Every structure is written in structure tokens, then in C-alpha cells.
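Input: a single structure, listed below in C-alpha cells.
The values are calculated or read from the model by the stated rules, or taken from the named source; none is laboratory data. As the structure is a computational prediction, the values presented were derived from the model and not from experiment. Glycine also receives a Cβ, built like all others from the backbone with ideal geometry; neighbour counts cover every protein chain displayed. Side chains are part of the model used for accessible areas, which takes the heavy atoms of the whole protein and leaves out ligands, DNA and RNA. Shrake-Rupley method; radii C 1.70, N 1.55, O 1.52, S 1.80 Å.
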Amino acid sequence: MTDLTQTQVRERIAARLASRHRKEKLFRGLGIASIAFGVLAVLVLFTDIISKGASAFVQTDIQLQVTYDPAELGIEQVDEESLAWANFDGVIRAALRERFPDVSGRRDKRELYSLVSNGAGFELRERLQNHPELLGKSETLWFNADDDVDTYVKSLSKSEDGFLGRTSEQKAQWILTLRESGELKKRFNTTFFTNGDSREPEQAGIRAALVGSLFTLLVTLVLSFPIGVAAAIYLEEFAPKNRWTDLIEVNINNLAAVPSIVFGLLGLAIFINFFELPRSAPLVGGLVLTLMTLPTIIISSRASLKSVPPSIREAAMGMGASRMQVVLHHVLPLAMPGMLTGAIIGMAQALGETAPLLMIGMVAFIVDVPHGVTDPSTVLPVQIFLWADSPERAFVERTSAAIMVLLAVLITMNTCAVWLRKKLERRW
Amino acid sequence: MTTMTLNAGEAGPAEDQTANPASESAVEQSAVKARAANTNIEVTGTVGSPFCDDAKLSMRNVNVFYGEAQAIHDVSLDIGRNQVVAMIGPSGCGKSTFLRSLNRMNDTIEGCRVEGELTLDGEAIYGPKVDVVPLRARVGMVFQKPNPFPKSIYDNVAYGPKIHGIASRRAELDEIVENSLRRAGLWNEVKDRLDKPGTGLSGGQQQRLCIARAIAVSPEVILMDEPCSALDPIATARIEELIDELRQNYTIAIVTHSMQQAARVSQRTAYFHLGKLVEVNDTETVFTNPEHELTEAYITGRFG
Ligand SMILES: Nc1ncnc2c1ncn2[C@@H]1O[C@H](COP(=O)(O)OP(=O)(O)O)[C@@H](O)[C@H]1O
Ligand SMILES: [Mg+2]
């Protein structure tokens, strides 16, 4: 080794200083650029979805004065049987005819009747069922307009003439008249949040899919969290390190990388064909998603168990705590925030999962809101998939709105994760 | 320093060779001589007086292995009742390994195997029916790095009594906590903040908290593995005082890197070298008139 003088050493350091600083700047620049790119992508995505979907949260309604005329309804009293075949559509039609008395001719009348959603009759029936005293009286109510009307009215705010689409000139005239007199308004779209799916866009809602998603996630969480945590604890704290546990570890890592549709096929073969569990049910969906999220939860739980300082284990063991007590009293509380974070990330993945659920029949057209984990139901991402595939124009905005609901659920879950971690995290 | 240990390491029975000539040129002349001398010393058995009459812990022909590697070679030693025995020796000579085999903390290390006869009050420590839980309650441990639980000061001390079911009532537990903290000389400093986290204390206070935690279950033996190595001189002095007081009620085995500390707190000193127990004697004898050449080399600072 040659002996360097102190000056020589200092000169050599100084010579490299500029390039070191340059590299550091470059590195920082790259970091900022990549973050900017990410933020931009998120912004574009959100603007696109919100600009398309925001209009789905309002819905054009039409105000009508309806008369519960026993003659028109064809019933004498309000009971189950008569309600079942009472002609509520007739009442609506009568109300429309009354509003526009000049309309004559079959074609024109049909055109007139199509102003209001054909779900209006059901609403009326429900109203009369709850208030039987209304029979023979009349009242003023708001009804959902047909989706074509809705599309036209919404397009009016964008351009002067609006987008007529399937709406005739004459119909447009009626719409403008109603709008002028305040009998046609855009109001908050409660239907979207209270109904299940429907072939009619104005009656289609997110409720069934949302509840289905929640049931499915509940099944997934209840199964995958305890099983995953127990497996992680066993592997990390109790299992001997030998070829078998190595094999298990490798397989868990492999499972995490298996395409989710494979889990769907597995679920179809095992849960539906072999155990004959009901198709399209959140129970089966939850089971399949449990298989899918288990590796994620096991891996993240093991990582958080590993991060508990060994000195804590030693301290507890040195006090004479049994292995079980070491885990329960010391390791688990410290690892819990990490485990929960992992579980919530797993749940978020499960929430957005579509492919395996298609395999077990959750793609069916489900109108009713499920009441339990064995009721047929659909889930949010599948609902989005179904709506995106529908030809009606009004489903476009509903698709985006459903995506917004899905994102809102995701963001809520992630916020919970952060909050839980902050709350449970303890320093040592 | 490390090269010396390494070279001395080659002085096992298998290969008996002289020091590496390449590094020789770089080191001071006198040290070379000392090392060359040490290198050729073979440790055969323990000199001094490893046994005593009233032994609390007694170890005979202890061998400890980590997988294939042997960390402790045929060590026999008695630790007398209410006695402080210091274990000294260069880094990596197996002091911690030996200490941890006394309360079976080595059981928790994968691949670690302990052979030999170890008894506590005449009962085998590694007997087939021995439960480590009560054993560790009888033989407590204080570690090198203070490691309080991330819980309150109170809960730290109360943990042992709780898991062993020692206190039946809350008042009794309170009393145990207070007494333990008093005996560890920490009570006055923490009595107003028992519900604050133990990890918020200073290093020296944390170590005294760990001692309080260990004595809360009234152990018979306390093992200390370099308890002061992470502490400043003032905190160290406090712990040393404490050890001296604790001797009245407990039997203590302490590993230390500081020879002054060994001299101050212990009655007997054991010198380990490369997994072998070289010499055991009264502390005074070891530090003033060591019997073995290696001991002398170590205490005079020629390696370590
Ligand atoms: N967990 C372990 N696994 C394998 N070898 C170990 C382990 N702990 C210690 N050793 C080895 O055992 C020998 C003695 O170590 P140790 O007892 O820690 O020494 P000391 O405490 O005297 O510094 C060293 O050679 C060390 O490398
Ligand atoms: Mg050590």
C-alpha cells in the first residue's frame, strides 16, 4: 500500500464530490418523476370516472297527480289478492293522459306512456299497500322518468339541443313543457342505492351488489384471518425448521402467485360440484376468495411476526413464560398492526376480484338484495362488468358510478387499515 | 486483538502450529512473543478450585454444541450458595452459551445441544421430567441489552408473578411490585409513573427494571449476561451496588467484560478460553496471582 499524504487524500475526495452530488440529484429527480407519474395516472383515472359517473347520482323524476280509482285499478278493497292483479299501470297512464289531454291516437299515447319508467306501477302498489286508506283518493307523487328521458334531460345541460337518441321530437316537447312547469326535475338518485340490478337502467341499483360484496368479504375475513394468522404463528413460532416446513413455505409463496381464476376453477370443482353448495352464493364466493387471500395473509403475518425483536421473546422466556404465553402476551400484540394491515390489503384484493367469482356463477342477473350468505347474489366488480357490457346508454354512467362506489369502499378500508395501525402500533 | 484470539484458536489439539507470519510483521514485537507463547498452550482441565462444598448449582463435564460446532468443552464448575461468580474471557469464548445452559435458555435455539450433568440443589436441570417454566422461575435471567416489555413499568414487574400465579390478590401484587422495585433501587425514581411505559426509562433504569422484573418471582439464582455493557459508568456503579446487595438473598452468576467489575462484585472468578474453563479461583487470587498463563495474559490485557 502506498502512503498518501493527508492533502492527497483530501484532493481525491474533493475530486469525486461533484459527481457524487450529481448522482444524488439525479436519483432524487427520478424519484420525484416517478411519483409525479403515479399521481398523474391516478388523477386521470379519477377525473375520467368521476366525470362519467357523477351524473348517475341524479335521476330525472316526473311529478304526476295520481288517483287511486277503484274502477281504473279494477279492485274493490285493498287486500293481498286484489293488489296482486290491480292495474297500477292504468292509474299512471290515466294520470299522464290527464296531464296531456290533447294526445290522441294509439302511437302517440304509447309514446306518452313511455315518459315514465315502467317500474312506476310497482311503486304505486307499494304505496297503496302501506296506506290502504288512500283508495279512492288522489295525491301528487314523483316517479322515475324512463332512461331515455333521463339521458335526454342530462344531455340538455351539455348542449342547447341535447342528445335525442331514441327520443322523438314530440316527446322532447312534452319533456320541455314538464321541465318548464317544474314537474320534471333532476333529483338525487335514491333508486341507485336502494335497488338491485334491473334491465331498466333507471331502476338499476347497486344495493344487491354492495350487500353481496359485504357478505362475501365477511365470509372471507372470518375464515382467512384466523386461519392465516394461526398458520403464520405455527410456522413462525412453533414449527421445526426442516424440509417439510421449507416445502410448505415454498408452496405458500407459490400459491400467492397463482392466477385468481385458477382458484375459481378449484372452487367450482370442490365447493359446488363436490360439496354441492349453492351457486352464486356469497358463501362460496367467500370460500374461494379465502383460498386466494390466505397466502397473502400468511406471508404478511409471518413478516410482522419476524419483525418483533427477539429480545422481547427472550425476556418473556427468561421469565418462565411458556411458548404459548410468549406468543399471546408479547409477540402477537406487537405483530397485530402488521397482521391487520396485511389482512386489509388481502380484503381489498378480494373486494376487487372478478375472475374467480365468474367461475362459481356469481355473474348471474340478480335483482333481489341478498339476506344471507347462501342467497344468490352478485358483487360490485361483477356488477360493473355486467353493466359495462349493457347496450343502454344510461348504463354507461351507472358503470362509472358503481366504480366510484367500489373505490369509496376500498378507500374506506384502507383508511381503516392506516387508522388501526396507528392505534395499535406501540414503540419499543 | 481478534487475530490473537483466532491464532490462539488454532492451538486446539488437532492442529498445533505457530502464528501466521504474514500478520506477525504488522504487530508489536512484545505482543508477538506473548501470542506465540499463548498459541502453544494447550488447555488440559481446569486449574484452581472449581468445586465448593455448599454448591447451589453444580455442573459436571458440560459440553454444548451448536449443530456440529462445539462451543463448550468439558466444563465442570460449582456455584456456591449466596455467592457471586464472575465469568470472564475473550469474546466468543462461550460465556453466554454456558450461562444460558444453566436455565435452559439454549433450548430455544435451533440445533443447540447440551450434554453433561447440571444440577440445581441436587436436581437435574436437564432431567427428562423437568419443566422449564418453574425452572426459569427459580433461575432468573438479566440480559446484555435491557429488554423491558413494551408495557407499563408496573406490568413489567407484575408479569412474572401473574403468569406463575404467585399473587392471589391485587394488593399482594402491588406489594410484590413495590418490593421488587425497591430492591432493584428503582422505586423512588418510578413510583409516580408506574403506568408509564418501561421503554421510556433511561438505559440504566431499564436494566434495573429488568432486574426488578427478574426478582419479582423470587428466584434462587440470577444469571446476568454482561448486564452493564450498554450502560454508562454511573448506571454501572448503581447496578454493581445492587448486585452486592442482592447477594444476601440470591446466588448470582455474572458474565462481564470488565475485569474491574468482576473484581468489585464477585467472590469467585472463572476464566473461559475458547470454550474451555481455564481457571477458577477466588476473585482476589485470579486478579493478583493467577495460576494459569492464559489467565495472566488476559488480565494483564495482552489479549481479549
Ligand atoms: N445461536 C448460535 N448458533 C451458532 N453458534 C453460536 C450461537 N451463539 C453462539 N455461537 C457460537 O458459540 C461460541 C460462543 O459464543 P458466546 O457464548 O456468545 O460467547 P461469549 O458470550 O463468550 O462472547 C461462538 O463461537 C459463537 O460463534
Ligand atoms: Mg456473550
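The value for the protein assembly as shown of Rg(Cα) / (2.2 N^0.38 Å) is 1.48. Taking all protein chains together and rolling a 1.4 Å probe, B:Arg302 ends up with roughly 100 Å² accessible. Annotation for A:Ile32 and A:Thr7: the two label points, set 7 Å from Cα along the Cα-Cβ direction, are 4.0 nm apart. I want the local charge near A:Pro240. Using Cβ-Cβ distances under 14 Å, sum +1 for each Lys or Arg and -1 for each Asp or Glu among the other residues. Net charge in that neighbourhood comes out at -3. Annotation for region A:259-357: chymotrypsin sites (Phe, Trp or Tyr not before Pro) lying in DSSP loop with at most 14 further Cβ atoms inside 10 Å of their Cβ are A:Phe275. Cut-off 19 Å, label point 7 angstrom out along Cα-to-Cβ of A:Leu164: give me the residues of region A:87-108 whose amide nitrogen falls inside. It comes to A:107-108, nothing else. What accessible area, in Å² to the nearest ten, does a 1.4 Å probe give for A:Met359? Per-residue accessible area (A:Met359): approximately 60 Å². Judged by the mean number of other Cβ atoms found within 10 Å, the most tightly packed of the peptides B:261-268, B:117-124 leads the ranking B:261-268, B:117-124.
How large is the Kirkwood hydrodynamic radius of region A:205-275, in angstrom, based on all distinct alpha carbon pairs?
For region A:205-275, the Kirkwood estimate is 14.9 Å.
Shielding by partners for peptide A:306-319, expressed as the average number of C-beta atoms from other protein chains within 10 Å of each residue's C-beta, is 6. Accessible area per residue for region A:61-187, computed on protein heavy atoms with a 1.4 Å probe, is 56 Å².
The relative contact order of region A:61-187 comes to 35 percent, based on Cα pairs under 8 Å that sit 6 or more residues apart.
About the centre of its Cα atoms, the protein assembly as shown shows a dipole size close to 1540 debye [charges on the beta carbon of Lys, Arg (+1) and Asp, Glu (-1) only; nearest 20 debye]. Just the number, please: carbon plus sulfur as a percent of the accessible area of region A:207-424, 1.4 Å probe, no ligands or DNA/RNA counted. Within region A:207-424, the accessible surface is 70 percent carbon and sulfur.
Relative contact order for chain B: 26 percent, from Cα pairs under 8 Å spaced at least 6 residues apart, divided by residue count. Between A:Arg16 and A:Lys241, the modelled labels are 3.6 nm apart [label points 7 Å from Cα along Cα→Cβ].
Can you send over the carbon and sulfur percentage of the accessible area for region A:89-189, probe radius 1.4 Å, protein chains only?
Details: 2570 of 5750 Å².
That share works out to 45 percent.
The listed residues A:Thr412, A:Thr378, A:Thr67, once ranked by accessible area (1.4 Å probe) with the largest placed first, stand as A:Thr412, A:Thr67, A:Thr378. A:Lys185 exposes around 100 Å² of accessible area when a 1.4 Å probe is run over every protein chain in place.
Normalised by the residues of chain A, what does the relative contact order come to in percent, with Cα pairs under 8 Å and at least six apart? Working shown, then result.
Working: 558 pairs, mean separation 80.4, N = 428.
The normalised contact order for chain A reaches 19 percent.
Ranking A:Leu386, A:Leu265, B:Leu135 from most to least accessible surface, computed with a 1.4 Å probe over the protein chains only, gives A:Leu265, A:Leu386, B:Leu135. Peptide B:161-168 shows a mean partner chain C-beta count of 2 within 10 Å per residue C-beta.
Chain B packed on chain A takes about 1800 Å² of accessible surface away from a 1.4 Å probe, both sides summed. Residue ranking by accessible heavy-atom surface, 1.4 Å probe, largest first, among B:Cys93, A:Cys416, B:Cys52 comes out as A:Cys416, B:Cys52, B:Cys93. For region A:178-192, the Karplus equation 6.51 cos²θ - 1.76 cosθ + 1.60, evaluated at θ = phi - 60°, returns couplings of 4, 5, 4, 7, x, 8, 10, 9, 8, 10, 4, 7, 5, 3, 4 Hz by residue, with Gly and Pro reported as x.
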